[in-house]
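Report on the structure given below.
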Amino acid sequence: MTHEELRTRLRQQAQGALSLNIAYIGVVDALFETLHELGAATAAQLAKAAAMDPGYVARWCDAAYAFGYLEAEGETFGLSETGRAMRPSLPGTLMPVAVQSVLSAHMAERAAALMRSGERPGEQVLAERETVLPWFGPMLEANFAATFENTICPAIPAFAEVDARGGLAVDLGCGNGWYLRALARRCPTLRGLGIDGFEPNIEHARRLARQQGLEQRLRFVQGDIHELRLDEPADLIAMNRALHHVWEKDPAALFGWLRDNLKPGGFAVVWEPAWTDDRQALREPARRNMAFQNLTEHVQGNHFLRPDEIVQAFESAGMPAQATLFAQGTEAVIVARR
Ligand SMILES: C[S@@+](CC[C@H](N)C(=O)[O-])C[C@H]1O[C@@H](n2cnc3c(N)ncnc32)[C@H](O)[C@@H]1O
């Protein structure tokens, strides 16, 4: 490629990022949802209905039209197919792509500065953007809940056993609680306890459980995974994208805790991005995002784990374990039994 061709290519890629930036605003300020409800509206009508500033909304409408999220007839706007696909309430919504894009830009800027000192400030960096923060839970749920219910549950026999056993499922680092809600819908005799270190997640999880009529069976409490005491042993202890957050402190103590807090025959099920030491594999489109995210995990004091490391950690704690890979080998579910 010539230098000019490279420039053209990179500018096209930059337009992709700009497009997602515009979509992000439409997501977090409910402009897509509001315009969907209105059907068709001028910028001023949209601003009023969404309770946003009309000057900003007028500019956003022009930009969202430019990037194909809106159609226009005179001064009246409506959602295009892509705009409809960004609505957070739509099953299979494309909202996570936009949220992830803006979060990534924020984390890249932080990593660029932090690299100079080597400081690793922790997860608080994720909370620095007030409009991003409420979207973590919905982003993770939209990204992973359907994969869990449609692909992982049917492929992992432990879940059929959990359905048959009922009892207590504990979700460590539960986020907005989507995983326990999914399990509770599958199994009417299961109770759930979700634990997360971040209080707004717990409030969010409680609210969603209440909305779905599951509050009698699902309890959510704030707590640190490193200092937990359960009132009773669990039939299932799950960690979804949470193990890498707590691994660096003392893995042997953590895996011993998992074993000691399960009933005999109970399962620990860990779901993690499947890191690889094969650098060439990181070039695969399905793994590139993971390579970027591992840099942002470093900012938070974490790093991604290889599935075999996790299996090894369970086996060192005396629990036989097995890893199953999903999504072209990029996602690993490790099941261990006490
Ligand atoms: C990537 S999120 C995953 C959330 C959820 N499991 C899901 O799949 O949507 C990691 C979660 O672990 C929580 N977490 C991290 N370290 C923790 C700790 N030491 N104790 C409790 N929760 C923690 C974070 O607050 C965050 O909600």
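The values are calculated or read from the model by the stated rules, or taken from the named source; none is laboratory data. These figures come from a predicted structure and were not determined experimentally. Note: ideal-geometry Cβ built from the backbone for every residue, glycine included; neighbour counts use all protein chains shown.
Only residues that are within 12 Å of the ligand (Cβ to nearest atom) and either at pLDDT below 95 or touching a strand residue (DSSP E or B) at 6+ places or on another chain (Cβ under 8 Å) (or both): list them for the stretch 202-212, please.
Listed by number, the residues that qualify are Ile202, Ala205.
This table checks each residue for (1) assigned to a strand (DSSP E or B); (2) loosely packed, with under 15 Cβ neighbours inside 10 Å.
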position: Asn201; (1), (2): no, no
position: Phe220; (1), (2): yes, no
position: Asp231; (1), (2): no, yes
position: Ala252; (1), (2): no, yes
position: Phe255; (1), (2): no, no
position: Thr276; (1), (2): no, no
position: Gln280; (1), (2): no, yes
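If Glu215 satisfies all but one of (1) outside any helix (DSSP H, G or I); (2) under 24 Å from Glu161 (Cβ atoms); (3) of a type outside the set (S, T, N, Q); (4) more than 14 Å from the ligand (Cβ to nearest atom), what's the number of the condition it fails?
Glu215 satisfies all of (1) outside any helix (DSSP H, G or I); (2) under 24 Å from Glu161 (Cβ atoms); (3) of a type outside the set (S, T, N, Q); (4) more than 14 Å from the ligand (Cβ to nearest atom) except (2).
Residue-wise test of (1) part of a helix (DSSP H, G or I); (2) assigned by TED's automatic domain parsing to the domain that holds Ala242; (3) not hydrophobic (A, V, I, L, M, F, W, C).
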residue	(1), (2), (3)
Met52	no, no, no
Ala64	yes, no, no
Leu90	no, no, no
Ala108	yes, no, no
Gly118	no, no, yes
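Only one residue in Glu331, Glu272 is in contact with a strand residue (DSSP E or B) (Cβ under 6 Å, 6 or more places away or on another chain) and under 23 Å from Phe148 (Cα atoms), so which one is that?
Glu272
Tell me which residues, restricted to the stretch 149-198, are within 16 Å of the ligand (Cβ to nearest atom), at negative phi and part of a loop (DSSP other than H, G, I, E, B).
If the condition is that a residue be within 16 Å of the ligand (Cβ to nearest atom), at negative phi and part of a loop (DSSP other than H, G, I, E, B), then Ile156, Cys174, Asn176, Gly197, Phe198 are the ones that fit.
Going residue by residue through the stretch 75-89, is there one that turns out to be within 22 Å of Ala17 (Cβ to Cβ) and β-branched (Val, Ile, Thr)?
Residues of the stretch 75-89 that are within 22 Å of Ala17 (Cβ to Cβ), as a first pass: 79-88.
Within this subset, residues satisfying the condition of being β-branched (Val, Ile, Thr) are 82.
Yes; the residues of the stretch 75-89 include at least one that is within 22 Å of Ala17 (Cβ to Cβ) and β-branched (Val, Ile, Thr).
The conditions are (1) closer than 29 Å to Phe136 by Cβ; (2) more than 26 Å from the chain's Cα centre (by Cα), and Gly39 fails exactly one of them. Which is it?
Here Gly39 clears every test but (1).
If we keep just the residues of the stretch 114-124 that are surrounded by 12 or more Cβ atoms within 10 Å (Cβ to Cβ) and modelled with pLDDT under 95, which is farthest from the ligand (Cβ to nearest atom)?
Here is the first cut: in the stretch 114-124, the ones surrounded by 12 or more Cβ atoms within 10 Å (Cβ to Cβ) are 114-115, 120-123.
With modelled with pLDDT under 95 added as a condition, the list becomes 122-123.
Working: Gly122: 9, Glu123: 6 Å.
Top of the filtered list is Gly122.
Scanning the stretch 94-113 for residues that are hydrophobic (A, V, I, L, M, F, W, C) and within 16 Å of the ligand (Cβ to nearest atom), which turns out nearest to Val299 (Cα to Cα)?
Within the stretch 94-113, the match that is nearest to Val299 (Cα to Cα) is Met107.
Filter the stretch 328-337 down to residues that are in contact with a helix residue (DSSP H, G or I) (Cβ under 7 Å, 6 or more places away or on another chain) and at pLDDT 95 or above, then give me how many there are. Show your work before the answer.
Filtering the stretch 328-337 for residues in contact with a helix residue (DSSP H, G or I) (Cβ under 7 Å, 6 or more places away or on another chain) gives 328, 330, 332-336.
If we keep only those that are at pLDDT 95 or above too, we end up with 330, 332-336.
Total meeting the criteria: 6.
Taking only the stretch 260-276 into account, find how many residues are under 19 Å from His245 (Cα atoms) and either away from the ligand (no atom under 16 Å from the Cβ) or not assigned by TED's automatic domain parsing to the domain that holds Leu183 (or both). Break it down stepwise before answering.
Here is the first cut: in the stretch 260-276, the ones under 19 Å from His245 (Cα atoms) are 268-276.
Filter again for either away from the ligand (no atom under 16 Å from the Cβ) or not assigned by TED's automatic domain parsing to the domain that holds Leu183 (or both), leaving 276.
Selection size over the stretch 260-276: 1.
Being of a type outside the set (Val, Ile, Thr), touching a helix residue (DSSP H, G or I) at 6+ places or on another chain (Cβ under 6 Å) and away from the ligand (no atom under 13 Å from the Cβ) is the filter here, so list the residues in the stretch 125-147 that pass it. So that I can check it myself, show each step before the final result.
Here is the first cut: in the stretch 125-147, the residues of a type outside the set (Val, Ile, Thr) are 126-130, 133-146.
Add one more test, that the residue is touching a helix residue (DSSP H, G or I) at 6+ places or on another chain (Cβ under 6 Å), and what stays is 127, 129, 133, 135, 137, 139, 141-143, 145.
Residue satisfying the conditions is Arg129 alone.
Which residue out of Gly68, Gly83 is in contact with a Ser or Thr (Cβ under 6 Å, 6 or more places away or on another chain) and farther than 14 Å from Val28 by Cβ? Quick ask: steps written out before the conclusion?
Details: Gly83 fails: in contact with a Ser or Thr (Cβ under 6 Å, 6 or more places away or on another chain).
Exactly one residue qualifies, and that residue is Gly68.
Is at least one residue of the stretch 130-146 aliphatic (A, V, I, L, M), outside any helix (DSSP H, G or I), under 15 Å from the mean Cα position of the chain (by Cα) and modelled with pLDDT of 95 or more?
Pass one, the stretch 130-146, residues aliphatic (A, V, I, L, M): 132-133, 139-140, 142, 145-146.
Retained after the next criterion (residues that are outside any helix (DSSP H, G or I)): 132.
When the remaining residues are screened for being under 15 Å from the mean Cα position of the chain (by Cα), the result is 132.
This time we only want the ones that are modelled with pLDDT of 95 or more, so: 132.
The answer is yes, given that some residue of the stretch 130-146 is aliphatic (A, V, I, L, M), outside any helix (DSSP H, G or I), under 15 Å from the mean Cα position of the chain (by Cα) and modelled with pLDDT of 95 or more.
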